[in-house]
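S.K.: Let me begin by handing over the structure; questions about it come next.
The values are calculated or read from the model by the stated rules, or taken from the named source; none is laboratory data. What you see is a predicted model, and the numbers here were worked out from it, not measured in a lab. Cβ placement follows ideal geometry from the backbone for every residue including glycine, while neighbour counts extend to all protein chains displayed. Just so you know, the surface numbers come from the protein's heavy atoms only, side chains and all, with ligands and any DNA or RNA stripped out. Shrake-Rupley method; radii C 1.70, N 1.55, O 1.52, S 1.80 Å.
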Amino acid sequence: MAKVKICGVRDEAMVHVAAEAGADWIGFNLVPKSPRFIAPHGEPVPERLTDLLKVSAEAQLRSVVLVVDPDIAVLKSLTDTVRPDAIQLHGQETPEFVAKLRAAMPKDTEIWKAVGVENRADLEAVARFVSADRLLIDAKPPEGADRTGGHGQAFDWSILQGWAAPKPWMLAGGLTPENVAAAIAATGADAVDVSSGVESERGVKDEVLIRSFIAAAKAA
């Protein structure tokens with residue numbers, strides 16, 4: 001049974017929906033340019049994150065904070081106040097940066113690294129991120145994109161055939177309630193991540209889609 005992460009959640013109601021439907025992780029986006037940023041109306045980010053993490057803990061969901069090319073000192077200061085279960089790096093972070101962050105953060109906060117892939121050569125480069133606790137295999141962003149993720153595009157899953165993952169990993173990129181079972185069957189993924197695939201409009205999560213996605217992933 002695959003584990004499921006619902007990413008880009010901005011409100012407490014959808015945290016509860018994800019928990020009731022059987023999600024394993026809930027993701028909160030701290031990238032201001034993203035349509036899924038948790039504080040789009042100028043709210044203080046630490047306070048908003050604290051509220052969401054509290055609700056997640058009460059719902060017994062593991063929390064993941066998504067950041068892009070963060071400053072380690074700033075990130076450490078934030079997580080000293082509010083402690084997520086994992087930090088997901090979704091930018092141009094190097095293997096050296098990931099190693100430094102892993103050393104700087106508490107051991108009970110996992111460090112995840114998202115890597116965009118398009119072909120087998122991209123996939124082989126994933127092994128450089130051995131310091132990460134988990135890898136998230138995503139589609140490369142479209143040319144000229146101003147964000148490294150959240151574009152709702154899939155990659156060729158066949159490149160994963162015969163791949164020996166160096167760490168626990170998660171499949172992302174263009175997953176929907178309609179294709180997640182096929183994606184799991186094609187890749188052998190035991191964990192999947194979705195954001196835009198469970199939205200009724202850009203940045204707005206949909207309860208029916210969340211429930212459908214989780215049900216399909218768990219039944220695959």
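S.K.: At 1.4 Å probe radius, can you tell me the per residue accessible area of the chain in Å²?
M.R.: With the other protein chains kept in place, the chain gives 44 Å² per residue.
S.K.: Roll a 1.4 angstrom probe over the protein heavy atoms and tell me the percent of accessible area of the chain that is carbon or sulfur.
M.R.: Of all accessible area on the chain, carbon and sulfur atoms account for 51 percent.
S.K.: Please return the longest stretch of the chain lacking exposed loop sites, where trypsin sites (Lys or Arg not before Pro) count only if DSSP places them in a loop and at most 12 other Cβ atoms lie within 10 Å.
M.R.: In the chain, the maximal stretch lacking such sites is 108-201.
S.K.: How long is the gain from Glu178 to Lys54 if the chain were fully straight, where each residue apart is worth 0.36 nm and the alpha carbon distance is subtracted?
M.R.: Length gained, Glu178 through Lys54: 41.5 nm.
S.K.: Follow-up. How would Thr176, Thr50 line up by accessible area, probe 1.4 Å, largest first?
M.R.: Values: Thr176 35, Thr50 60 Å².
These residues rank, largest area first, as Thr50, Thr176.
S.K.: Follow-up question, since we're still on this one. Amide H to amide H, which residues 5 or more places from Val192 or on other chains are under 5 Å from it, using H placed in the peptide plane?
M.R.: Residues meeting the criterion, in which the H sits 1.01 Å from N, are Lys3, Val4, Lys5, Leu171.
S.K.: Follow-up. Among all stretches of the chain without exposed GluC sites (Glu not before Pro) (DSSP loop, at most 16 other Cβ atoms within 10 Å), which one is longest?
M.R.: It works out to 1-117.
S.K.: I need to check one value: relative contact order of the chain, counting alpha carbon pairs closer than 8 Å and at least 6 residues apart, in percent.
M.R.: 21 percent
S.K.: Compute the relative contact order of region 1-121 as a whole-number percentage, counting only Cα pairs closer than 8 Å that sit 6 or more residues apart in sequence.
M.R.: Answer for region 1-121 is 20 percent.
S.K.: Also, I was wondering about something else. Among the listed pairs Lys3/Lys205; Lys33/Lys107; Lys54/Lys100, which have their C-alpha atoms separated by more than 26 angstrom in this model?
M.R.: In this structure, Lys33/Lys107; Lys54/Lys100 exceed 26 Å between Cα atoms.
S.K.: With r defined as the distance between the Cβ atoms of Lys100 and Glu20 and R0 fixed at 35 Å, what FRET efficiency is calculated, to the nearest 0.05?
M.R.: 0.35
S.K.: Next question. Can you give me the relative contact order of region 20-79 as a percent, contacts being Cα pairs under 8 Å and 6 or more apart?
M.R.: Averaging sequence separation for qualifying contacts and normalising by length gives 42 percent for region 20-79.
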